[in-house]
Amino acid sequence: MKRIITIATTVLIVLTMSKMVLAHSHFVGSNPSDGEVLTESLQEIVLEFDGNIEQGSYIDLATTAGEVVEVQDHIIEENMLTGALAAPLENGDYDVNWSVISADGHPLEGSFSFTVNAPVAEPEVEEQEEITEEPAETPETTDEATDQDVAETEEEIAADEANEGSSSMMIILIVLLVAIIAGGFFFLAKKRK
C-alpha cells in the first residue's frame, strides 16, 4: 500500500511540475532579430513568446555606448510585447534588454543587439558645400579686384602728380617770361628817356 501511495504521489508531482513548466512563456523571436543589420529606420521593437505574458513586462533600449533610448509605449497583446519608440532610430548599434512576466507569474529576462544602417539623404549636404564654396571664391575675386583698383589709383595719382608738376612748371615759365618781357619793356622805356 505504501508503494502505491508513493508511486501515485510521484506521478502527481511530475504531472504538476510538467504543467508548471509548460505554463512558463519562452522567448520565440524578435523583430529586429539578434545581430540583424537594418537598412531602414526602426520605430518599434516586437518580442514574441510561446505563451501569454502579463502586465509589467518591458523593453529597455540603449546604444552600445550606453546612451538610453526612450521606449515610449509598451503594448502587451497575449504573447507579444511591442515597444513603440519615441522617434525613429538613427544609424548605429543598439542593445535591447527585456523582462517579461509569464502567465504563471514566472519572470523571464533576456537581451540581444542589432544595428541600424539606413541610407542617409545627402542633397542638403551638397547644397551646403556649394553655398560654402561660393563665398570662398568671392573674397579671392574681391582681393584681386582691390589689388587692381589700388594699382590703378596709384597710377592715376602718379599721372596727376606729373600733370601737376608740368602744370606748375609751365606757370612758373609763363610768369618768368612775363616778368622778363615786362622788365624788358620797363628797361627800354627807361633808356628812351
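Coordinate-derived values only; no laboratory data. Being a predicted model, the structure only gives us computed values, none of them experimental. As a convention, Cβ positions derive from the backbone with ideal geometry for all residues, glycine included, and neighbour counts pool all protein chains shown.
At-a-glance table
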| item | result |
| --- | --- |
| Nitroxide proxy distance, nm - points 7 Å out along Cα→Cβ at residue 67 and residue 111 | 1.9 nm |
| Protection proxy ranking, peptides 57-68, 97-108, average beta carbon neighbours within 10 Å, highest first | 97-108, 57-68 |
| Potential lengthening between residue 9 and residue 118 on full extension [0.36 nm per residue; Cα-Cα distance subtracted] | 33.3 nm |
| Computed lengthening from residue 176 to residue 95, 0.36 nm per intervening residue step minus Cα-Cα distance | 18.9 nm |
